[in-house]
Amino acid sequence: MAITVIGGGLAGVEAAYQIAKRKKEVVLYEMRPQKLTPAHKTGLLAEIVCSNSFKSRDLFDAHGLLKEEMRILDSLILRIAEETQIPGGKALVVDRWRFAERVTEEISKNPYVTIVREEVRKIPSGTVIIATGPLTSDDLAEEIASLTGRKNLYFYDAISPIVDGKSIDMEKAFFGSRYSMENADYLNCPLTEEEYEIFYEELLKAKKVEFREFEKIPYFEGCLPIEVLAERGKKTLLFGPLKPVGLKDPKTNKTPYAVVQLRREDREGSMYNMVGFQTKMTYVEQERVFRLIPALRNARFLRYGSVHRNTFINSPHLLKGTLQLKKDERIFFAGQITGVEGYMESCATGIIAGISAFFFEEGKEFIPPPRTTSVGALIAYITEEKAHFQPMNVNFGLIEGYTKKKKESLVKRALSEIAKWKELTDSLTKLENR
Ligand SMILES: Cc1cc2nc3c(=O)[nH]c(=O)nc-3n(C[C@H](O)[C@H](O)[C@H](O)COP(=O)(O)OP(=O)(O)OC[C@H]3O[C@@H](n4cnc5c(N)ncnc54)[C@H](O)[C@@H]3O)c2cc1C
């Protein structure tokens, strides 16, 4: 029986391509052009809705490593992006319309793929991959909510920045949670009154990104952008995300004037989340303003803060490492709806979901790539149980062994392991060379 893929965006196209190259029929549903999302403008498959950059090509940047791994996995999107690229320095930048036209052309002529231009409102029977992205249509979102439980489907993300643990000035920070200074889950970054005043003034002045019309949302009190809280008054933050109560700086044995709390994102302490720092500041301004916090003066940001419209599921709770729904294994998810963030990250999950669904149809066990690769690390991030799930870009902090190894050896190991994984996976399905 054919595998159904819902969504002809980046992830859906990658999934369909991986299935088709294994000589299995795919039916790919795309609702455009009959029904557009609030951000898409055409009926072209893989239309990119905002920036035309697929980010860095540098192998020693996590985005570059991800691309190299995707090349090894035979990514169709990457191949066409390179074919339609325009000058962009270290970044892979594409001619957006040429790119989407070429993807549409390539998938349309594939003899194993049938494209149906129709909105899917109910999840069909058989093996299905849902790759309907951050702007999944309302009826299907409703269907997903009733399948997964309403509380496991989100419509906006309010993301706090993540800082590379290695870049925090530990001389200026101290561990401990409120009233329990032994707890090492929180790392506290104190500010004096003078440091706070400067930080506060710069936060107010910083350039913010405007919401698009369809993104205008009534904020929830619990996840207001930090600058919106700041606008309510100079002291508001001191009763919110910069609250110092219950914390004592061991160096002074006193409660600081203000404290930014960082929460450990992983066991190794390679990544720390700035608690309550969701923001609409531009990336450049986030670096400038957040580096005014003394312990973060040299901070490297693995992920920037944001607040935007985004439909995504609570994958760590709902999905297996194979991207299958735990409660109904014939249903797979791929792309931004799984809680990865970004074009290439969405494609990577599309590749894995496509291969995984193919294995499922063949009745074979599928083992996802190891956490030592960037693709495997991303999949592990979205599928391993965690208390505070927020969408994530690819970054080195996700890769196993980041705190102990140098980047060069991490990259070398990742490329060798993804190649081994591909060879093994292909041999299990006797994949013929293209
Ligand atoms: C406004 C906006 C700006 C963004 N800017 C960037 C950026 O600059 N850089 C970046 O890396 N990421 C950006 N993103 C995130 C970006 O959307 C994803 O990185 C990427 O496009 C996700 O790929 P996807 O395949 O999961 O979803 P999409 O590319 O959105 O594809 C999903 C497809 O599913 C179709 N669909 C939806 N519902 C149905 C249905 N019921 N039946 C049939 N088809 C359906 C849609 O029409 C769409 O074609 C942005 C997102 C938004 C919303």
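The values are calculated or read from the model by the stated rules, or taken from the named source; none is laboratory data. On a predicted model such as this, the values are computed, not experimentally measured, just so you know. Don't worry about glycine lacking a Cβ; one is built from the backbone with ideal geometry, like all the others, and counts go over all protein chains shown.
Filtered by the rule that a residue be crowded, with 21+ Cβ neighbours inside 10 Å and closer than 25 Å to Gln278 by Cα, region 136-156 gives a lone residue, Thr136. Here the condition is being assigned to a loop (DSSP other than H, G, I, E, B), closer than 24 Å to Arg267 by Cβ and modelled with pLDDT of 95 or more; of Val394, Val375, Val411, it holds for Val394 alone. Just the residues that are surrounded by fewer than 20 Cβ atoms within 10 Å (Cβ to Cβ) and either without any contact (Cβ under 8 Å) to a residue 24 or more places away in the chain or aromatic (Phe, Trp, Tyr) (or both), please, taken from region 368-388. If the condition is that a residue be surrounded by fewer than 20 Cβ atoms within 10 Å (Cβ to Cβ) and either without any contact (Cβ under 8 Å) to a residue 24 or more places away in the chain or aromatic (Phe, Trp, Tyr) (or both), then Ala387 is the only one that fits.
Residues in region 346-365 that are more than 19 Å from Ala11 (Cα to Cα) and either aromatic (Phe, Trp, Tyr) or free of Cβ contacts under 8 Å to residues at least 24 places away in the same chain (or both): Gly363, Glu365. Within region 142-171, being over 30 Å from Arg267 (Cβ atoms) and either among the β-branched types (Val, Ile, Thr) or in a helix (DSSP H, G or I) (or both) holds for Glu142, Glu143, Ile144, Ala145, Ser146, Leu147, Arg150. When we screen Ser416, Ser427 for residues that are more than 16 Å from the ligand (Cβ to nearest atom), among the small types (Gly, Ala, Ser), at pLDDT below 95 and not in a loop (DSSP other than H, G, I, E, B), the only hit is Ser427. Name the single residue that is farthest from Pro316 (Cα to Cα) among those in region 253-293 being aliphatic (A, V, I, L, M) and part of a strand (DSSP E or B). Out of the qualifying residues, it is Ala258.
How many residues does region 160-202 contain that are among the small types (Gly, Ala, Ser) and farther than 20 Å from Thr252 by Cα? Show your work before the answer.
Of the residues in region 160-202, the ones among the small types (Gly, Ala, Ser) are 160, 165, 167, 173, 176-177, 180, 184.
Pick out the ones that are also farther than 20 Å from Thr252 by Cα and you get 160, 165, 167.
Looking only at that region, the number is 3.
Out of region 340-365, which residues are aromatic (Phe, Trp, Tyr) and surrounded by 20 or more Cβ atoms within 10 Å (Cβ to Cβ)? Once the filter is applied, which keeps residues that are aromatic (Phe, Trp, Tyr) and surrounded by 20 or more Cβ atoms within 10 Å (Cβ to Cβ), region 340-365 yields Tyr343, Phe358. Screening the candidates Phe211, Phe290 for the property of being loosely packed, with under 14 Cβ neighbours inside 10 Å, in contact (Cβ under 8 Å) with a residue 60 or more places away in the chain, of a type outside the set (Asp, Glu) and not assigned by TED's automatic domain parsing to the domain that holds Gly401 yields one hit, Phe211. Within region 120-141, being in a loop (DSSP other than H, G, I, E, B), in contact with a Ser or Thr (Cβ under 7 Å, 6 or more places away or on another chain) and within 9 Å of the ligand (Cβ to nearest atom) holds for Pro134, Leu135, Thr136. Tell me the residue from Ala380, Ala387 that is more than 16 Å from the ligand (Cβ to nearest atom), out of contact with any Cys (no Cβ under 6 Å at 6 or more places or on another chain), assigned to a loop (DSSP other than H, G, I, E, B) and hydrophobic (A, V, I, L, M, F, W, C), please. It is Ala387.
Look at (1) within 23 Å of the chain's Cα centre (by Cα); (2) under 23 Å from Cys223 (Cα atoms) and you find that Cys189 fails only one, number (1). With a requirement of 2 or more residues that are among the charged types (D, E, K, R) and within 15 Å of the ligand (Cβ to nearest atom), the helices (runs of 4 or more DSSP H) lying completely within region 1-110 that satisfy it span 96-108.
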